[in-house]
Amino acid sequence: MITVTHRRYVPYSHAHYAGNLVDGAYSLGLFGDVATDVCIQLDGDEGLFASYSDVQFRAPVHAGDVLEVSATVTRMGTRSRTVAFTATVVCRGSGGSAARVLAEPIVAVTAVGTVVVPAPA
């Protein structure tokens, strides 16, 4: 099938909780962005996100992190695509402007979702 990957720095303005913790909705928003890219690549249309069938928050995401967000199409119907998502922390802020590349990336969020695109002409 197809896999699309984006990387995004998590700005400190997105910290909502103690310890610069970022809410789970941030990663879900990134899943929407990468799903849009998948639809454009496959169908030439941005498509629409229809649903999630599974979301797992596995590790915290903090302001100052760099996330790698991937979407892999696992099933293609006539108009729907099932997509497996992963958000992985590849760099972590370590105070002030310091940050480090993680030797072992941390899987923070996984999900399975469905997107739909217009019927072929």
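Of the residues Ser70, Ser53, which is at pLDDT below 95 and on the phi < 0 side of the Ramachandran plot?
Just a single option satisfies the conditions, and that option is Ser53.
Just one of Val90, Val101, Val83 is surrounded by fewer than 16 Cβ atoms within 10 Å (Cβ to Cβ), hydrophobic (A, V, I, L, M, F, W, C), touching a residue at least 40 places away in the same chain (Cβ under 8 Å) and more than 17 Å from His14 (Cα to Cα); which is it?
Just one listed residue meets the conditions, Val90.
Which one is nearest to the chain's Cα centre (by Cα), of the residues in the range 43-63 that are within 14 Å of Ala108 (Cα to Cα) and small (Gly, Ala, Ser)?
Only one residue tops the list, namely Ala59.
When you scan the range 21-121 for strands (runs of 3 or more DSSP E) that lie fully inside it, which ones turn up with 3 or more residues that are of a type in the set (S, T, N, Q) and in contact with a strand residue (DSSP E or B) (Cβ under 8 Å, 6 or more places away or on another chain)?
Those strands (runs of 3 or more DSSP E) span 48-57, 66-76, 80-93.
Of everything in the range 4-28 that's of a type in the set (Gly, Ala, Ser) and loosely packed, with under 13 Cβ neighbours inside 10 Å, which residue is nearest to the chain's Cα centre (by Cα)?
Only one residue tops the list, namely Ala25.
Please count how many residues of the range 2-50 are on the phi > 0 side of the Ramachandran plot and either touching a His at 6+ places or on another chain (Cβ under 8 Å) or touching a residue at least 60 places away in the same chain (Cβ under 8 Å) (or both).
Number satisfying all stated conditions: 3.
Mind listing just one residue for me: the one in the range 54-69 that is crowded, with 17+ Cβ neighbours inside 10 Å and touching a helix residue (DSSP H, G or I) at 6+ places or on another chain (Cβ under 7 Å) and, of those, nearest to Val34 (Cα to Cα)?
Val69
The values are calculated or read from the model by the stated rules, or taken from the named source; none is laboratory data. Keep in mind the model is a prediction, meaning the values are calculated, not measured. Because the Cβ atoms are built from the backbone with ideal geometry, glycine has one as well, and the counts that use them run over all protein chains shown.
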